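Novice: Let me give you the structure first, and then I'll get to my questions.
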Amino acid sequence: MYVITSKSDTQTNNLGFKIGSHCFPSTIITINGQLGAGKTELTKGIAKGLGINNNVTSPSFAILNIYSGRLPLYHFDLYRLSSAEEIDELGFNEYFDGDGVCAIEWPNNLPLNRKEYLEINISGSGDDDRTITLTAYGICHTGLLEDIIISMEGNK
Ligand SMILES: Nc1ncnc2c1ncn2[C@@H]1O[C@H](COP(=O)(O)OP(=O)(O)O)[C@@H](O)[C@H]1O
Ligand SMILES: [Mg+2]
């Protein structure tokens, strides 16, 4: 587990950049936090780290936005998702098992039947500093978290 404080959107974006730079095919990142916590801001950084130049926006009305970079980025916002049936219909599993990076806002609205992923929790909103906690599950995502930590600590 790794905990850092972010004092600005730029710092959160920078963490995202480090994450995106180290992602591997089939990385799954769950991003928890209340409205305005900075989940989309973090995802913008992940996109940048994947070499994506498009402007990443909140996909609240689309549920999924796809961007192409070093690896494809599948950016989910499951805020409006309520039932498991809805999820089956949407066929998300093909993305979760795919060759890209899944960044999932509001992951708890979905029964994520995965054992290996990077869980991110952002606490705080508005003008507060954010406490960002990263927890890795599975060997590959643990390796990813180690790379992220090395890269963050090297910046100090
Ligand atoms: N430390 C911080 N980290 C992330 N965002 C911050 C921070 N401080 C202020 N903000 C602001 O909070 C808002 C976060 O919005 P957004 O990323 O869309 O949140 P979410 O996707 O969690 O609803 C942005 O307006 C951003 O500028
Ligand atoms: Mg958002």
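The values are calculated or read from the model by the stated rules, or taken from the named source; none is laboratory data. Just so it is clear, the structure is predicted and the values come from calculations on it, not from any experiment. Every residue, glycine among them, receives a Cβ derived from its backbone with ideal geometry; neighbour counts consider all protein chains shown.
Novice: List pairs: first in region 47-76 and within 22 Å of Leu35 (Cβ to Cβ), second polar (S, T, N, Q) and away from ligand 2 (no atom under 13 Å from the Cβ), Cβ under 8 Å, 6+ apart or cross-chain?
Specialist: Ala47/Asn54
Novice: Looking at region 108-120, which of its residues are within 14 Å of ligand 1 (Cβ to nearest atom) and either of a type in the set (Gly, Ala, Ser) or under 10 Å from the mean Cα position of the chain (by Cα) (or both)?
Specialist: Within region 108-120, just Ile120 meets the criteria.
To keep it simple, each residue is scored yes or no on (1) hydrophobic (A, V, I, L, M, F, W, C); (2) modelled with pLDDT under 95; (3) away from ligand 2 (no atom under 14 Å from the Cβ).
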| site | (1), (2), (3) |
| --- | --- |
| Pro59 | no, yes, no |
| Ala84 | yes, yes, yes |
| Arg114 | no, yes, yes |
| Ser123 | no, no, yes |
